[in-house]
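**Student:** First the structure, which I've put down as structure tokens, then a few questions once you've had a look.
The values are calculated or read from the model by the stated rules, or taken from the named source; none is laboratory data. Just so we're clear, the structure is a prediction, and the values are computed from it rather than from any experiment. FYI the Cβ positions are ideal-geometry reconstructions off the backbone, even for glycines, and counts take in every protein chain you see.
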Amino acid sequence: MLLSKSCRYALRAMIFVASQEPNGRPYLPINRVSDALNIPFHFLTKVLQQLTHDGLLVSIRGPAGGVALSRPAEEISVADIVVSIEGPALFHACVLGLEGCGNRIPCPLHDYWVEERERMRIDFETTSLRNLSENQDRIKHRLMDPEDPDANLDPDRVVGRKAKARAKPASAAS
């Protein structure tokens with residue numbers, strides 16, 4: 001996979017936060033993001049800390065706390081998020097990870113990767129978080145963990161495994 005798990009989680013979380021903004025609450029609780037997207041809470045916390053450190057999110061502690069976008073969704077690009085988590089090397093490094101790969105001493109994939117890498121960089125820089133968060137119905141069921149067999153059963157509810165477990169009634173005694 002080209003993007004790390006941390007980066008994929010960051011993109012999913014940022015799209016989710018952007019899609020929730022019109023719902024009135026200024027800060028979205030991290031556990032709600034974690035539950036809705038089936039992302040382990042502690043892993044997500046580390047990812048969100050990096051995004052906050054890089055100025056893409058703002059966070060506040062306490063009962064009314066959580067995370068929010070630091071600026072309007074149309075001003076945050078996919079490239080901003082990817083570079084925050086992966087660093088800028090994704091748009092400059094050899095796809096095979098070989099040191100010294102370049103135009104003078106190319107790896108076997110260099111000529112193909114240079115074109116694709118540039119196309120990807122342009123697409124990521126010109127695609128805003130707003131572009132990705134506009135379709136609420138698609139977001140509600142596609143940001144969940146694709147390996148969760150229950151993820152697409154009810155597209156009208158964004159509920160993760162933990163929230164489902166809390167909602168299950170206790171079994172009756174026999």
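**Student:** Taking residue 71 and the conditions (1) among the basic types (Lys, Arg); (2) surrounded by 21 or more Cβ atoms within 10 Å (Cβ to Cβ); (3) outside any helix (DSSP H, G or I), which numbered condition does it fall short on, given that it satisfies the others?
**Tutor:** For residue 71, the exception is condition (2).
**Student:** Modelled with pLDDT of 95 or more, within 24 Å of the chain's Cα centre (by Cα), surrounded by 15 or more Cβ atoms within 10 Å (Cβ to Cβ) and β-branched (Val, Ile, Thr), is that true of residue 81?
**Tutor:** Criteria met by residue 81.
**Student:** Would you confirm whether any residue within region 88-96 is closer than 30 Å to residue 18 by Cβ and not hydrophobic (A, V, I, L, M, F, W, C)?
**Tutor:** yes
**Student:** Which ones in region 84-98 are surrounded by fewer than 17 Cβ atoms within 10 Å (Cβ to Cβ) and part of a loop (DSSP other than H, G, I, E, B)?
**Tutor:** Across region 84-98, the qualifying residues are 87, 92, 93, 96, 97, 98.
**Student:** Inside region 49-69, can you point out the residues that are out of contact with any strand residue (DSSP E or B) (no Cβ under 8 Å at 6 or more places or on another chain) and not polar (S, T, N, Q)?
**Tutor:** 53, 54, 55, 61, 62, 63, 64
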